[in-house]
Ligand code: V47
Ligand code: SF4
């Protein structure tokens, strides 16, 4: 054997070894951890995952893997459809009895305070195009306004626009106005329904874990009150949404605890329309030293929520909160709904530092976003009936 043959043989072996080693490490990178195999099987078989499996997904699930699982579930429920709605918001006031640390919107933190009169609100309502389907009313917990003020507002909006779906008043606003009136929860909700309340938005849920809740929004209604209000609403035929404020001080176990409490309510009532993860933003509030989470964390949140909440029909990416681009990406991580056109009518997120200072999206922009994500755009009403 010549010296050259010897060297070429050794080089060949070295390359083989190197290749084998690389293949080994690549496969171990790509290999689904043993523990996640069972979750993979459960999702494929349409079975529910447990709380500890939910935490495991957050801790060990690589983003591509989570996306595939979530997308499988979304596709099973909605095929290629992705929803949007023509809607707008009314924020009646930012004067608030509470002082949530994450809030950039209330008069405690924002530089201005406002309270719209009923006439000003009606002017905004009448200024909307006739084909707008939904009004979303939410704001601060104003100390002086009571259930009769809010009930009259509903009646006047319904008189002006009988076919507008009124999604109004978060559980926190409802808790205050109903308590103040001396009515029971049931009486208060029956009264508001009779005035024109069609559904309830998901705000005020924040994070159910009692310790973190006490820390970041201790003055607010308790987690159990939020749940009681939604459950009572469901029992009266008022559908609601659910949210979770994520990406601040909570850990994965606390996120799953929140999802688990929602899943249990949904098992009992079936009254939730959609789940909306709300990304924490840290501008101009008392939590400015808490960094915002990464895009990877955002997509993990959508995907794990989609996998965990097997009894929720819809998963919404609220684009003013997460940003237009990420909302579009979220369509591949379990999301089937992009909320709506908004028409520059909300300040909650622009004040907190989310990208859009003037949140407005035309229908053609929504359609383009959805088509680019390889989905079929479907205009919906508030109850997810198809409009086109
Ligand atoms: O409860 C307030 C959140 C919520 C910040 O039901 C913040 O269709 C992040 O619930 N960073 C109100 N989030 C908005 C809401 C909502 C939005 C869109 C659709 C629906 C629906 C409901 O906004 C509050 C709170 O969780 N929020 N401040 C902040 N700095
Ligand atoms: Fe008030 Fe709502 Fe802001 Fe809390 S989040 S301070 S309840 S406006």
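What follows draws every value from the coordinates through simple rules; no lab data is involved. What you see is a predicted model, and the numbers here were worked out from it, not measured in a lab. Quick reminder, even Gly has a Cβ in these numbers, built from the backbone with ideal geometry, and neighbours come from all protein chains shown.
Between 48, 306, 255, which gets the highest mean-square fluctuation from a Gaussian network model of the chain, Cα cutoff 10 Å?
Its mean-square fluctuation being the largest, the pick is 48.
Return the FRET efficiency for the residue pair residue 159, residue 99: r is the Cβ-Cβ distance, R0 is 35 Å, and the value is rounded to the nearest 0.05.
So the FRET efficiency works out to roughly 0.45.
List, largest first, the extents of the alpha carbons of the range 111-214 along their principal axes, each in whole Å.
Principal extents (largest minus smallest coordinate, Cα): 45, 35, 25 Å.
For the range 194-351, what is the convex hull volume of its Cα atoms per residue in Å³?
123 Å³
Determine Rg/Rh for the chain; Rg is computed over alpha-carbon atoms and Rh is the Kirkwood hydrodynamic estimate from the same atoms.
1.07
Quick one: of the DSSP bridges fully inside the chain, what percent are antiparallel, nearest 5?
Working: 2 of 27 bridges.
Around 5 percent antiparallel, to the nearest 5.
Compute the distance from the alpha-carbon center of the range 355-382 to that of the range 168-238, in whole Å.
After rounding, the separation between the Cα centres reads 30 Å.
Pulled fully out, how much extra length does the chain show between residue 358 and residue 325, if you take 0.36 nm times their separation in residues and subtract their Cα-Cα distance?
Details: separation 33, 0.36 × 33 = 11.88 nm, distance 1.55 nm.
Additional length available on full extension: 10.3 nm.
At 0.36 nm per residue, and after removing the present C-alpha to C-alpha distance, how many nm does the segment from residue 112 to residue 311 gain when stretched out fully?
Length gained between residue 112 and residue 311: 67.5 nm.
Under 8 Å for C-alpha pairs, at least 6 residues apart: give me the relative contact order for the range 71-126, rounded to a whole percent.
Relative contact order for the range 71-126 comes out at 29 percent.
Could you list 176, 149, 318 so that the one with the fewest beta carbons within 10 Å of its beta carbon is first and the one with the most is last?
Arranged by neighbour count, lowest to highest, 176, 149, 318 become 149, 176, 318.
Go through 269-278, 69-78 and give me the packing order, highest mean Cβ count within 10 Å leading.
Answer by packing, highest mean first, reads 269-278, 69-78.
Can you put 215, 175, 337, 209 in order, fewest other beta carbons within 10 Å first?
215, 209, 175, 337
What angle, in degrees between 0 and 90 and rounded to the nearest 10, separates the Cα long axis of helix 3-30 from the longest principal axis of the Cα atoms of the chain?
Computed tilt is about 20 degrees.
Please report 187, 53, 134 as a ranked list, fewest other C-beta atoms within 10 angstrom at the top and most at the bottom.
Details: 187 13, 53 17, 134 22.
Lowest to highest Cβ neighbour count: 187, 53, 134.
Please tell me the relative contact order of the chain in percent, rounded to the nearest whole number, where contacts are Cα pairs under 8 Å and at least six residues apart.
22 percent
Of 52, 93, 345, which has the largest mean-square fluctuation in a 10 Å C-alpha GNM of the chain?
52
Could you tell me the ratio Rg/Rh of the range 331-388? Both radii from Cα atoms, Rh via Kirkwood.
0.99
In square nanometres, what is the average projected area of the Cα convex hull of the range 248-321?
Values: hull surface 21.7 nm².
Approximately 5.4 nm², given one-decimal rounding.
Identify which of 129, 34, 372 has the largest mean-square fluctuation in a Gaussian network model of the chain, with springs joining Cα atoms closer than 10 Å.
Comparing 129, 34, 372 in the GNM, the peak value goes to 34.
Taking the alpha carbon gyration tensor of the range 281-328, what are the square roots of 5 times its eigenvalues, largest first, to the nearest whole Å?
Semi-axes, largest first: 24, 12, 10 Å.
Hey, rough spin-label estimate for residue 224 and residue 388, points 7 angstrom out along Cα→Cβ, what's it come to in nanometres?
It is 4.7 nm.
Distance between Cα centroids, the range 265-296 to the range 95-129: provide it in whole Å.
Computed from Cα coordinates, the inter-centre distance equals 20 Å.
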